[in-house]
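In what follows, a single structure is set out as structure tokens and then discussed.
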Amino acid sequence: AAKCSGKNRVEFYDENVESTSFRRLDMEKNMRNATNNAFSEFEVVYQPIVDVTRESNPCVGAEALIRWNSGELGLIAPTDFIPLAEYLGLINPIGAYVLEEACKRCKYWNDMGHPDYKVNVNLSVVQLLQNDIVEQVRSVIKRTGIVPENLTLEVTEGLAINDMSRMKKILSEIRALGVRVALDDFGTGYSSLNHIREMPIDVIKIDRCFIIDIGKDEFSAAFVKMVAELAQTIGVHVCVEGVETKEQVDALKQTKIQLIQGFYFGKPLHKEEFDEKYL
Ligand code: C2E
Ligand code: MG
Ligand code: MG
Ligand code: MG
């Protein structure tokens, strides 16, 4: 789909573009302070994921998404600060904070009468390639008491091929803990379709760019259908992201898509708001 090619996918921070700008220096200073100050400027919000095949309470859990409300710079979108956080290595403490918060929250939902609710946490490639990442995941499970099967880690596929075997090994070790792995933003990266088969994953998340004109664009519709069928063949779940309209939901009914995430069903919510609506 045309919408996918223009997508701004910053895999690694480009230090040449912004390194001398005041905005970048400001952001760096503020980010360092924020991570040193108990992450109080950061918040984790939760966007519901629904199972469209369910009659009652279709909510099956949520994706945890970080928000940064900087005292000095105001609200900054994750797509604006995560590349810099990765470049500075600050994504490791920030990501650990999100992981801990999200696991605690999911355990809370599970204890509050929804033992099947799951939480998805985005893991940057930088985080994933830390030497002790498997140990970190094991220890957060132990600390928070979350059922490992209720935690899904979302990773993206835009990786240099020589890192691929390392990535596969790490993901396999993470899955051995019982934790699930999702391939995020599927269809926008550099990988071949064969990755679906080769990667140790449980869920494929089809990128929003294929959903935007799914009602009108035949390629998008065919792509979603094809991925859904391939996934079913190899026993992997599919979730589509960015569903905003009834028209898109209807178009998806002609596919084998079970899991949907998007503004049509629910926006990312503060944890208290999420509880009010879904607990
Ligand atoms: P993502 O992981 O693909 O997350 C989905 C993004 O799509 C979220 O944007 C969400 O708010 C947005 N979205 C969901 N439904 C709709 C919809 O119907 N319409 C539209 N227009 N957008 C929708 P958000 O929260 O701004 O996050 C953007 C990206 O930043 C995420 O994309 C993810 O790659 C990254 N990110 C967010 N939180 C974290 C985090 O804690 N750690 C890491 N490493 N990355 C994160
Ligand atoms: Mg995600
Ligand atoms: Mg992503
Ligand atoms: Mg995504």
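Readers should treat all values here as calculations from the given coordinates under stated rules, not as data from a laboratory. Given the structure is predicted, the values throughout are model-derived calculations rather than measurements. For neighbour counting, all protein chains shown are included, and Cβ atoms are generated from backbone atoms with ideal geometry for every residue, glycine included.
All conditions but one from (1) surrounded by 20 or more Cβ atoms within 10 Å (Cβ to Cβ); (2) in contact (Cβ under 8 Å) with a residue 40 or more places away in the chain apply to Leu183; the one that does not is (2). Exactly one residue among Val126, Val98 is part of a helix (DSSP H, G or I), among the β-branched types (Val, Ile, Thr) and within 13 Å of ligand 2 (Cβ to nearest atom), and that residue is Val98.
Of the residues that make up the range 219-229, is at least one closer than 30 Å to Met112 by Cα and more than 16 Å from ligand 4 (Cβ to nearest atom)? The answer is no; no qualifying residue exists. A count restricted to the range 236-279 and to residues that are in contact with a Cys (Cβ under 8 Å, 6 or more places away or on another chain) and in a strand (DSSP E or B) stands at 3. Pairs linking a residue in the range 189-212 that is touching a residue at least 60 places away in the same chain (Cβ under 8 Å) to a residue that is of a type outside the set (Lys, Arg) and part of a helix (DSSP H, G or I), with Cβ atoms under 6 Å and 6 or more positions apart or on different chains, are Cys209/Cys4; Phe210/Ser220; Phe210/Phe223; Phe210/Val224.
Out of the residues in the range 46-95 meeting the condition of being of a type in the set (Val, Ile, Thr) and part of a strand (DSSP E or B), tell me which one is surrounded by the most Cβ atoms within 10 Å (Cβ to Cβ). The residue in question is Ile49.
Considering the range 98-124, and only residues there that are touching a residue at least 40 places away in the same chain (Cβ under 8 Å) and within 16 Å of ligand 3 (Cβ to nearest atom), the residue that is surrounded by the fewest Cβ atoms within 10 Å (Cβ to Cβ) turns out to be Ser124.
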